[in-house]
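S.K.: Below you'll find the structure I mean.
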């Protein structure tokens, strides 16, 4: 049954964070992170991409319980390539936000910063203050990092810094990055850290290897999919706000199809929320998933051109299987006419390209929409 598109703000967010009203569950994880912060423990959050790490961090930072006792800063270092980039994104987020009054900020800037030059201006349209960060000497970024941490130590309040995609520092040409950050962290008694990332093996090595600077400096939180038992009433309630009905079986079908990954569930629901359908069942979910993957078909064919025939064939096979537990088994290799050696080689390449991932001894296609498209096409 069709109805007019509703004008209510779409409650199924796919990017960013607004209010707790649009955030589903994660109550236990939220309490764990806040408890760690309140007791001066660092936290490392690990999960696959698109499971909601960033949203969870912003949800924690939005907590009134936390706001009363700490200033919180979120820094995404995924686009950074070296220490200079790191210093720029770090300082841009911190400077100008830790001190609310501009006269205090300017005074501190004059006394604390020698290698970092913050340039302040007013947006002519909005009238809001703006800040641009310049490094006086990009050959000495360590001095700039020292100044940032010295600035943080001047605060009378507790400070929480969240570094998202923290594994990126392992790719920097500066090989002492871990040691630098660990040292500054130990020297800053009023600062605690949340490290989050999607490359679990890199992060685990950082924090569990005896020879690494961050060894045993943080507790771990492994983020799992939101349980279907929590997601179902959330989806039903939000759809009802838009005067739509959705069957629990339809939610279960979508949840299973994308292995409960938050972004994919949210994306489909986001589109269905503004669809012309008032009553949503499993057949409509299937129809819209087909529509969504067809929109990305040109992208998926570009993957075909980038992969070898064996890599593409293995990618298809894993999508058909859904969950591949024994890739070199006789049953699997004979079913798809593969040799064990070719599977091993292709598997390694697909993991490196982040086309597939390994979880609990099983292999999955990373992009669940791509897997659905492969199932439709072949």
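S.K.: Is there any pair linking a residue in the range 33-48 that is free of Cβ contacts under 8 Å to residues at least 60 places away in the same chain to one that is surrounded by fewer than 19 Cβ atoms within 10 Å (Cβ to Cβ), with Cβ under 8 Å and at least six apart or on different chains, and which?
M.R.: 34/63; 34/65; 38/69
S.K.: Continuing with this model, one more query. Any residue at all in the range 45-57 that is exposed (fewer than 12 other Cβ atoms within 10 Å of the Cβ), in a strand (DSSP E or B) and touching a strand residue (DSSP E or B) at 6+ places or on another chain (Cβ under 8 Å)?
M.R.: Checked against the condition, which is being exposed (fewer than 12 other Cβ atoms within 10 Å of the Cβ), in a strand (DSSP E or B) and touching a strand residue (DSSP E or B) at 6+ places or on another chain (Cβ under 8 Å), the range 45-57 yields no hits at all.
S.K.: Any residue in the range 278-294 that is surrounded by fewer than 16 Cβ atoms within 10 Å (Cβ to Cβ), part of a loop (DSSP other than H, G, I, E, B) and touching a helix residue (DSSP H, G or I) at 6+ places or on another chain (Cβ under 6 Å)?
M.R.: Among the residues of the range 278-294, at least one is surrounded by fewer than 16 Cβ atoms within 10 Å (Cβ to Cβ), part of a loop (DSSP other than H, G, I, E, B) and touching a helix residue (DSSP H, G or I) at 6+ places or on another chain (Cβ under 6 Å), which makes the answer yes.
S.K.: Evaluate the following for residue 235: is it within 16 Å of the chain's Cα centre (by Cα), crowded, with 18+ Cβ neighbours inside 10 Å and modelled with pLDDT of 95 or more?
M.R.: no
S.K.: If residue 242 satisfies every condition in (1) modelled with pLDDT of 95 or more; (2) surrounded by 18 or more Cβ atoms within 10 Å (Cβ to Cβ); (3) closer than 30 Å to residue 21 by Cα but one, which is the exception?
M.R.: (1)
S.K.: Now, a different point. For the range 343-378, which positions are in a helix (DSSP H, G or I) and surrounded by 18 or more Cβ atoms within 10 Å (Cβ to Cβ)?
M.R.: The answer is 343, 346, 347, 350, 368, 369, 370, 371, 372, 373, 374.
S.K.: Residue under question is residue 299, and the condition is that it be farther than 29 Å from residue 25 by Cβ and either in the same structural domain as residue 350 (by TED's automatic domain parsing) or assigned to a helix (DSSP H, G or I) (or both); does it hold?
M.R.: In short, yes.
S.K.: Is it the case that residue 186 is surrounded by fewer than 19 Cβ atoms within 10 Å (Cβ to Cβ) and either closer than 22 Å to residue 43 by Cα or assigned by TED's automatic domain parsing to the domain that holds residue 272 (or both)?
M.R.: Yes, satisfied.
The values are calculated or read from the model by the stated rules, or taken from the named source; none is laboratory data. It should be emphasised that the depicted structure is a prediction, and the values quoted were computed from it without experimental measurement. Neighbour counts run over all protein chains shown; Cβ positions are idealised from the backbone, glycine included.
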